[in-house]
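For reference, the structure is listed below as structure tokens.
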Amino acid sequence: MDVLVPVEVGILIGVLIAFILFVRLAILAGTVRSLQFQLALFLSIWTISEIPRVLNSIGAIDLSPIALYGAMIHTVSMVLFGLFIGYRFSRFVLRGGK
């Protein structure tokens, strides 16, 4: 199925705008230990990782030789994100919501 290039360019622009917003949130968080900073940092990295996928969809680069590695990295990153959220949530619950 062919994807229209203008749609993918719009997605790329949206990803770049999201990246800028997440970096701004990380900067405004105040401290590296805050949940806001940590989530904003993770989401910034996540948006950066979407850029090659969109460029591949447009046809600007060819990622087919490394597609399997990308899927494995994505799986590991989602497991780590789940562990991070679980850890932060458990700390929140154990401290009584403080």
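The values are calculated or read from the model by the stated rules, or taken from the named source; none is laboratory data. The model shown is predicted, which means the values in this text are computed figures rather than measured ones. Here Cβ is always computed from backbone atoms with ideal geometry, including for glycine, and neighbour counts include all displayed protein chains. These area figures cover heavy atoms from the full protein model, side chains too; ligands, DNA and RNA do not enter into them. Shrake-Rupley method; radii C 1.70, N 1.55, O 1.52, S 1.80 Å.
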* Run Arg53 past the list (1) among the basic types (Lys, Arg); (2) farther than 27 Å from Ile11 by Cα; (3) free of Cβ contacts under 8 Å to residues at least 40 places away in the same chain and report the number of the one that doesn't hold. => (2)
* Asked: Here is a list of conditions, (1) of a type in the set (Lys, Arg); (2) surrounded by fewer than 10 Cβ atoms within 10 Å (Cβ to Cβ); (3) within 14 Å of the chain's Cα centre (by Cα), and Arg53 meets all of them except one; can you say which number that is?
  -> (2)
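Tally up the residues in region 77-93 that are open to solvent by less than 90 Å² (accessible area, probe 1.4 Å), without any contact (Cβ under 8 Å) to a residue 12 or more places away in the chain and of a type outside the set (Gly, Ala, Ser), please. Don't jump to the end; show me each part of the working.
We begin by selecting, within region 77-93, every residue open to solvent by less than 90 Å² (accessible area, probe 1.4 Å); these are 77-79, 81-82, 84-86, 88, 90-91, 93.
From what is left, the residues that are without any contact (Cβ under 8 Å) to a residue 12 or more places away in the chain are 78-79, 82, 85-86, 90-91, 93.
Filter again for of a type outside the set (Gly, Ala, Ser), leaving 78-79, 85, 91, 93.
The number of residues fulfilling the criteria is 5.
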* Structure fact -> For region 6-24, the count of residues that are under 15 Å from Leu41 (Cα atoms) and either open to solvent by less than 80 Å² (accessible area, probe 1.4 Å) or of a type in the set (Phe, Trp, Tyr) (or both) equals 6
* Structure fact -> With criteria (1) open to solvent by 50 Å² or more (accessible area, probe 1.4 Å); (2) of a type in the set (Gly, Ala, Ser); (3) assigned to a helix (DSSP H, G or I); (4) over 17 Å from Gly14 (Cα atoms), Gly96 comes up short on (3)
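Of everything in region 39-50, what is open to solvent by less than 60 Å² (accessible area, probe 1.4 Å) and either polar (S, T, N, Q) or in contact with a helix residue (DSSP H, G or I) (Cβ under 6 Å, 6 or more places away or on another chain) (or both)? Give them in sequence order. First the steps, then the outcome.
Keep residues of region 39-50 that are open to solvent by less than 60 Å² (accessible area, probe 1.4 Å), which gives 39-40, 42-44, 47, 50.
Result: Ala40, Leu43, Ser44, Thr47, Glu50.
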* **Enumeration of residues in region 26-38 that are out of contact with any Phe, Trp or Tyr (no Cβ under 6 Å at 6 or more places or on another chain), part of a helix (DSSP H, G or I) and open to solvent by less than 50 Å² (accessible area, probe 1.4 Å)** => Phe37
